[in-house]
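Here's the structure we're looking at; comments come further down.
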Amino acid sequence: MKRALDPRKVVWDGKGQGSSERRNKHFRNELGTLVGFDVELVTRVCSLVGKQCKMIMLPFTECIFTYKDIDYAGRGLSSQWVDGCPSYAITTDRRTEFDFTLPYLATTSSFTVAPGNPSGFDPTAEDYSAFTLVRLSGAPTNGACLNRLRKKYGKFIIAKDLPEAKAILLNGTADVLFSPRTQIDGLETLRERVHCDDGGAGILLRKGSDLATWWNPAFQTFYFSGQYAQMCEDASQKYGAEVQCLPTPGNASSELLNLMKADPPAASPDHLWKFVVSGKIEPFSFLDSEGNLIGWTKDFIQEVCSRADKRCHLMLAQVSECTTRDGELLYPGRGLMEGWFDACTGYFETLERDNSWDFTAPYLLSNASFYVKPGNPSKFDPALDDYSNFVLVRADTSITNDHCLNRLHKKFNKLLDVPTQYEAIAAVLNGTADAWFTKRQGETQLEELTPRFHCENVGTSIMTKKGSPLPAWWDTAFEEFYSTGEFNQFCLDKGLEYNYDFPCVPPRMEQRL
């Protein structure tokens with residue numbers, strides 16, 4: 001009886017024909033067929049365990065992309081169009097968002113300048129602050145890597161692709177390209193080499209994937225058999241460029257050997273509950289200088305999930321993957337609806353949001369307030385019942401909207417929508433608006449007025465897809481955590497750790513006695 005084949009899909013962008021470095025990994029030959037070392041390796045390793053693996057071409061942004069210097073999982077990987085994306089460096093910051101197979105390639109990163117190095121950039125210096133750097137979207141050569149290398153730096157530009165990066169270098173907008181490339185036509189790559197990776201490059205996987213459970217033992221067998229080294233030698237000759245393969249077992253470091261001999265990850269029968277944050281709200285959830293996702297929210301989720309005996313992971317997603325707005329209408333985001341993750345943290349339950357989402361019990365208090373220009377030149381008074389003579393502003397997607405004002409029984413005439421809090425602050429400062437209605441606290445450029453109001457059900461909750469089973473088990477575990485008083489002690493302890501007064505829901509009256 002033949003062993004059943006398990007079709008798997010991996011993805012490349014197919015653009016390797018422009019670079020000898022990438023040409024040996026994956027490219028379209030003169031017939032248009034996708035070939036290269038990656039293609040051969042995946043086919044061989046899959047065959048060892050009876051897996052039928054298919055290769056398709058997609059833009060690299062379907063695997064990973066960069067927005068405002070944070071890397072996010074692409075749609076193709078998150079929506080399971082593909083199972084994995086080969087030849088991606090394994091890094092500290094990427095582990096927040098992705099899983100990986102064992103590495104199968106060695107990687108290095110370098111610094112590339114315009115011919116003649118007109119800015120005089122020296123990669124061996126400790127301080128790059130006087131230079132403008134550019135990096136490629138989705139590349140591991142980012143600020144977190146420089147921080148891990150103990151390099152100081154200033155301005156970083158993100159280029160969407162290599163042609164844009166080259167143009168930025170050649171026109172003088174940037175001084176140096178920090179990239180995984182060691183040779184770029186028309187530019188000068190400096191001799192210094194650094195590592196952004198943690199052991200090399202492997203196959204990039206969506207968080208919670210089981211692919212490594214069968215790939216890793218198959219690749220370990222392939223590596224120690226000597227067939228891997230032979231394939232590397234043959235590929236280098238066949239494709240006319242050396243493949244950056246791992247050292248053979250006889251020449252490998254003890255760290256690499258230990259990695260190659262490690263037990264493979266075990267497939268878990270339990271669901272991995274994935275929670276997301278934007279990663280930009282310190283001290284609740286933020287990336288430290290080396291790319292680790294830390295903060296109160298991560299600690300809180302780990303505590304509740306441990307009490308519920310659930311496997312949980314906190315990762316990054318753009319806000320639009322949780323909630324989107326079309327005019328005055330709120331809709332669930334693509335990421336939540338398509339199952340890229342299970343829940344979005346830090347959201348407020350409101351009547352309009354109840355139409356499309358479910359929520360856990362609240363765990364943080366929240367208030368909305370009005371901010372005015374210092375001195376309150378418009379004489380705006382939040383205690384009034386009628387705001388019709390004033391122009392109000394709010395940030396788009398905020399819960400401080402017309403529905404909230406109606407629930408507060410406030411009359412109003414004009415409520416401006418702007419994209420972010422920055423435009424809202426600017427509108428108040430330049431006189432376009434008289435007051436900013438927001439749940440944000442501590443904005444120092446403006447004057448905050450009292451009283452404060454509630455637009456939501458008590459405060460901050462976790463938002464899920466309608467019908468999700470998450471709130472049921474979460475609320476049970478959180479109630480046990482809260483009712484014992486341990487949650488409020490947790491908040492006090494974390495306040496000392498992060499030097500911040502977290503607005504946790506207060507203990508019940510009997511707990512205060």
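The values are calculated or read from the model by the stated rules, or taken from the named source; none is laboratory data. Owing to the predicted nature of the structure, the values given are computational and were not obtained by experimental measurement. Positions of Cβ are backbone-derived with ideal geometry, glycine not excepted, and every protein chain shown enters the neighbour counts.
Scan segment 226-240 and give yes if some residue there is among the basic types (Lys, Arg) and over 26 Å from residue 64 (Cα atoms), otherwise no. Within segment 226-240, one or more residues are among the basic types (Lys, Arg) and over 26 Å from residue 64 (Cα atoms).
Looking across segment 139-196 at every residue that is in contact with a strand residue (DSSP E or B) (Cβ under 9 Å, 6 or more places away or on another chain) and free of Cβ contacts under 8 Å to residues at least 12 places away in the same chain, the one that is nearest to residue 91 (Cα to Cα) is identified as 191. Once segment 229-253 is narrowed to residues that are in a helix (DSSP H, G or I) and aliphatic (A, V, I, L, M), the residue that is nearest to residue 195 (Cα to Cα) is 229. Testing residue 399 on (1) of a type outside the set (Ser, Thr, Tyr); (2) more than 23 Å from residue 501 (Cβ to Cβ); (3) in contact with an Asp or Glu (Cβ under 7 Å, 6 or more places away or on another chain), one condition comes back false. Which one is that? Going through the list (1) of a type outside the set (Ser, Thr, Tyr); (2) more than 23 Å from residue 501 (Cβ to Cβ); (3) in contact with an Asp or Glu (Cβ under 7 Å, 6 or more places away or on another chain), residue 399 breaks only (2). Of the strands (runs of 3 or more DSSP E) that lie entirely inside segment 357-460, those containing 1 or more residues that are not assigned by TED's automatic domain parsing to the domain that holds residue 319 span 368-372, 391-395, 414-418, 435-438, 447-453. The residue that is surrounded by the most Cβ atoms within 10 Å (Cβ to Cβ), counting only those in segment 296-345 that are of a type in the set (Gly, Ala, Ser) and assigned to a loop (DSSP other than H, G, I, E, B), is 317. Would you be able to say whether some residue in segment 152-164 is surrounded by 17 or more Cβ atoms within 10 Å (Cβ to Cβ), modelled with pLDDT of 95 or more and outside any strand (DSSP E or B)? No, segment 152-164 contains no residue that is surrounded by 17 or more Cβ atoms within 10 Å (Cβ to Cβ), modelled with pLDDT of 95 or more and outside any strand (DSSP E or B).
Within the bounds of segment 237-251, is there any residue that is under 19 Å from residue 100 (Cα atoms), surrounded by 14 or more Cβ atoms within 10 Å (Cβ to Cβ), among the small types (Gly, Ala, Ser) and at pLDDT below 95? No, every residue in segment 237-251 fails to be under 19 Å from residue 100 (Cα atoms), surrounded by 14 or more Cβ atoms within 10 Å (Cβ to Cβ), among the small types (Gly, Ala, Ser) and at pLDDT below 95. Every test in (1) loosely packed, with under 14 Cβ neighbours inside 10 Å; (2) within 18 Å of the chain's Cα centre (by Cα) is passed by residue 137 save one, and that test is (1). Tell me, please, whether a residue that is without any contact (Cβ under 8 Å) to a residue 60 or more places away in the chain, touching a Lys or Arg at 6+ places or on another chain (Cβ under 8 Å) and at negative phi can be found in segment 228-248. Checked segment 228-248: no residue is without any contact (Cβ under 8 Å) to a residue 60 or more places away in the chain, touching a Lys or Arg at 6+ places or on another chain (Cβ under 8 Å) and at negative phi. The condition (being out of contact with any Gly (no Cβ under 9 Å at 6 or more places or on another chain) and touching a residue at least 12 places away in the same chain (Cβ under 8 Å)) is satisfied by just one residue among 283, 265, 362, 269: 265.
Does segment 487-495 contain at least one residue that is assigned by TED's automatic domain parsing to the domain that holds residue 350, loosely packed, with under 15 Cβ neighbours inside 10 Å and touching a helix residue (DSSP H, G or I) at 6+ places or on another chain (Cβ under 7 Å)? No, segment 487-495 contains no residue that is assigned by TED's automatic domain parsing to the domain that holds residue 350, loosely packed, with under 15 Cβ neighbours inside 10 Å and touching a helix residue (DSSP H, G or I) at 6+ places or on another chain (Cβ under 7 Å).
The set of residues in segment 231-280 that are within 30 Å of residue 474 (Cβ to Cβ) and small (Gly, Ala, Ser) comprises 266, 267, 268, 278, 279. Under the condition of being surrounded by 15 or more Cβ atoms within 10 Å (Cβ to Cβ) and either modelled with pLDDT of 95 or more or of a type outside the set (Val, Ile, Thr) (or both), the residues counted in segment 175-187 number 8.
Residue by residue, here is whether (1) surrounded by fewer than 16 Cβ atoms within 10 Å (Cβ to Cβ); (2) assigned to a helix (DSSP H, G or I); (3) of a type outside the set (D, E, K, R); (4) in the same structural domain as residue 135 (by TED's automatic domain parsing) holds:
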{"residue": "41", "(1), (2), (3), (4)": "no, yes, yes, no"}
{"residue": "45", "(1), (2), (3), (4)": "no, yes, yes, no"}
{"residue": "52", "(1), (2), (3), (4)": "yes, no, yes, no"}
{"residue": "71", "(1), (2), (3), (4)": "no, no, no, no"}
{"residue": "80", "(1), (2), (3), (4)": "yes, no, yes, no"}
{"residue": "85", "(1), (2), (3), (4)": "no, no, yes, no"}
{"residue": "92", "(1), (2), (3), (4)": "no, no, yes, no"}
